Structures are given as C-alpha cells and as structure tokens.
Amino acid sequence: MRPGSALDREACRRGNSVYLPQTVIPMLPEILSNDLCSLNPGVKRPAIACFMQIDRAGNLLDWEFRRVVIKSAARLTYKETEAAIRGEFNGRTKKLFKTAITPLYEAYQALALARKRRGALELETTEVKIRLDKNGNVAAVEKLESLVSHKIIEEFMIAANVAAARRLQLSKQPVMYRVHDRPSEEKLKEIKPLLDSLKLKLPDCQALKPEHFNRLIELCRQKDRGAGIDDLVLRLQCQAQYSPQNIGHFGLGLKEYVHFTSPIRRYPDLQIHRIIKENLHGALTDKRISHYEQILPEVTAEASRLERRADDAEREVEKMKKAEYMEQFIGETFDGVISGVTSWGMYVELPNTIEGMVRVADIPGDYYYFEEERYQMVGEKTGKI
C-alpha cells in the first residue's frame, strides 16, 4: 500500500469496510482483504506482530513490534473455541487446546481483571444477525449470543492497540489517537429524571468515570428497571473519533489508545502501521515526522466522518430490514418489554430485539401522560403506571 498510490487513495476515500446484512463493501479489493492480507490457515503471510508481556493482574509490562512471517495453525470459529473452553472438543480444537486456547484464555482472564479494576464501561448491548434468503428477503432476525471467545479477541485487540499507542508516544512519533470524550453536561440532563426516581446523583462532568454508569446500570437491574438502561447510557456517550490530540478513551478507561489491529478494514490502522514500520526501519526522518504532523489533522477528521457515514448506513439498513421482516406479522400480538418512555409514547422491544413505538393516543383504556421527574407514564383516570 504505497502512500499516494491509486490503491491508497481509494482506501482513504472509503475510510473503512462497511458491513451490511450478508454483504461487505470492503475498504481494500477482495484479493487483498480476503486473500493476500488474510491469515488463511497453513499459508505464510507477512505481518506486524505485537509481542506482549502481561502479568497475573493484567498489567501490560512490556511490548515489542516486529515484522514477521506468520503461518496460522487453524481458523477456529468463536463457537468451537467456546465449546473447547467448556471441555467439548473437535479434531482441530483438541490439537490446539494446550498450546494455544488454554494460554489465551488464562491471559484473557488477567486482562479482564485489569479491565474491571480500571472501571471500563460495561454495557450489555445486543447484536443481531439478519439472515436473508436467496431472493434477498429477510428470513430471520436472530440475537447474537455473547461468548467468552468474543471477549478474548476483544481484550487482546485492546491490549495491542494500547501497546501501539505507548510505542509511538514513548518514541515521540506522530499519533493518530482513537479518543472518546466524557459525556457533556447537556447530555447528562437527559438522565436526571431517572436518577431522581432512584434517588441517585452522578458526580460533576469532570469527575465522572465509567464506573459511575456501571453502578447506575447495576442498580436499575436490581430495582427491575433494567430494560433499556444499557441503550440509554449508550446514548449519553460522546461518539468516539480519531484525533492527533490525546484526550484518552473514557469508555475503556484508558489514557492512550489507537486503532492498530484492522489495517485491512480501517484506514486509521493502516496509518498507524505505516508510522510503526517506518520507525522500525529507521526511515522516520524529521521530514517524514513533519509530513505526518501536517496531514494527520485532516486525515483524522475525514476518517471520523467516514466512520460515522458507515455506522449510519449500517444502522439504517438494519432498521429497514427489521421493518421488512415484521411486515408479515401485522395484526398479530406479541409480548414485549418497555425499553423507554417519552412524552409522545413508549418504546417496546420484542424478544428478537426489534423495537417499535406505541404512541400515547394508541394506548387503550385511558389517556396516559409522562411524569418526567419519575420517568414513568401514568393513566389520567385509572392512575395505572
């Protein structure tokens, strides 16, 4: 990926891969993203490896980046790895259990301890898989099961991203940070009615930490108000973005963070790889440092914009597909959970995660009004809550 080449310009224009139901619009041509740059089992691939030392408490003690050739032993699915952790093996996982799966799982447990200690935001958001039939119609909308094997990958990616950020910081190199600011005072006003009803108070904006939200989520679940609380807390958060200035990552509770782990599907990761590679080869001259310092403000702003565009597209297509799927059930009755209330109605979520709005005017038997200070809807005549 030579800087300034047609391939580079097109990757920069796309910004990232976009994931839609059963469709991927890749950032790089498929011959790269699915083949030459992909860790296919039994095939030698050039890579940048991050070797990390992690202690029992999950602290990142040391790290080293090297250009290597890697030959993947196997491509395991999340489900078969999860089964192996539970003691259920197949031919592939049995061979790799002692040498790879067990050490990874044990190191993950240490990293999970560190995550809990620093108070990273713990949200239980549900991901869905939309399955299409051969004609492109929605065949099913399914909840994706949250597995320990997902968390193993996530924690190692976070650790590698932190190592890359520290590597660049310590060697005084230009950095394309992944930053996440604390929620604004304006946003926090949205949650005040709920806090008042629970007789809770959050600290001032500057003293706010992710663990304060974790405590709120826990309390809501204890008081049977857990439905929708994760989504509500998520809506209060600022959007993570890329920046040449480091303000830390609020949600992960980290002082420094970059995106390093997906250079085939995110342009910012590609830039971090370039800087690290030039540094490894002693090619990061004053002229190159000046070049990066010059381009990073524009590159970070554009990467953040393109990421938002991809997120919006993914969200809109998912909503559209869910609505298409539910058309077949018009007139049928479902059990659901109230996931949010407003002055104009209530949001109801079905077990398959599809959410709909029931307007105030459509609630039978009474006229309901919204008590904002208590975060509840009350029937005018019946007093029903």
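Data overview
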{"item": "Rg ratio (alpha-carbon, reference 2.2 N^0.38 Å) - the stretch 54-94", "result": "1.66"}
{"item": "At most 10 other Cβ within 10 Å, DSSP loop - trypsin sites (Lys or Arg not before Pro), the stretch 222-275", "result": "223"}
{"item": "Cα→Cβ-extended label distance, 7 Å offset, between residue 312 and residue 291, nm", "result": "3.3"}
{"item": "Cα lying deepest toward the dipole's positive end in the chain, options 229, 205, 294, charges on Cβ", "result": "294"}
{"item": "Test item: Cα-centred dipole of the chain, Lys/Arg +1 and Asp/Glu -1 on Cβ, debye", "result": "1780"}
{"item": "The stretch 250-350 - charge dipole about Cα centre, Lys and Arg +1 at Cβ, Asp and Glu -1, debye rounded to 20", "result": "540"}
{"item": "P(r) histogram, all alpha-carbon pairs of the chain included - 10 Å bins from 0, percent", "result": "4, 17, 27, 27, 16, 6, 2, 0"}
{"item": "Exceeding the 28 Å Cα-Cα cut-off - candidates 71/255; 44/98; 134/322", "result": "71/255"}
{"item": "Evaluated over the stretch 117-206, the Cα radius of gyration and Dmax, each in Å", "result": "20.1, 54"}
{"item": "Coil-residue trypsin sites (Lys or Arg not before Pro) of the stretch 50-150, DSSP, other Cβ within 10 Å capped at 12", "result": "56, 75, 86, 134"}
{"item": "Projected-area mean, the stretch 153-274, by convex hull of Cα positions, square nanometres", "result": "8.7"}
{"item": "Amide H contacts under 5 Å for residue 339, placed H, 5+ residues apart", "result": "347, 348, 349"}
{"item": "Residue-normalised accessible area of the chain, given per residue in Å² at a 1.4 Å probe", "result": "60"}
{"item": "Qualifying lysines (Cα of each under 23 Å from Cα of residue 201; at least 8 residues distant if same chain)", "result": "116, 187, 189, 192, 209, 223"}
{"item": "Computed E for residue 283/residue 105 - FRET, C-beta separation, R0 41 angstrom, nearest 0.05", "result": "0.60"}
{"item": "Spin-label pair residue 88/residue 45, simplified geometry with 7 Å Cα→Cβ offset, distance in nm", "result": "2.8"}
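The values are calculated or read from the model by the stated rules, or taken from the named source; none is laboratory data. Just so you know, these numbers come straight off a predicted model, no measurement behind them. Positions of Cβ are generated from backbone atoms using ideal geometry, with glycine treated the same way; all protein chains shown enter the neighbour counts. Heavy atoms of the whole protein, side chains included, go into the accessibility calculation; ligands, DNA and RNA do not. Shrake-Rupley method; radii C 1.70, N 1.55, O 1.52, S 1.80 Å.
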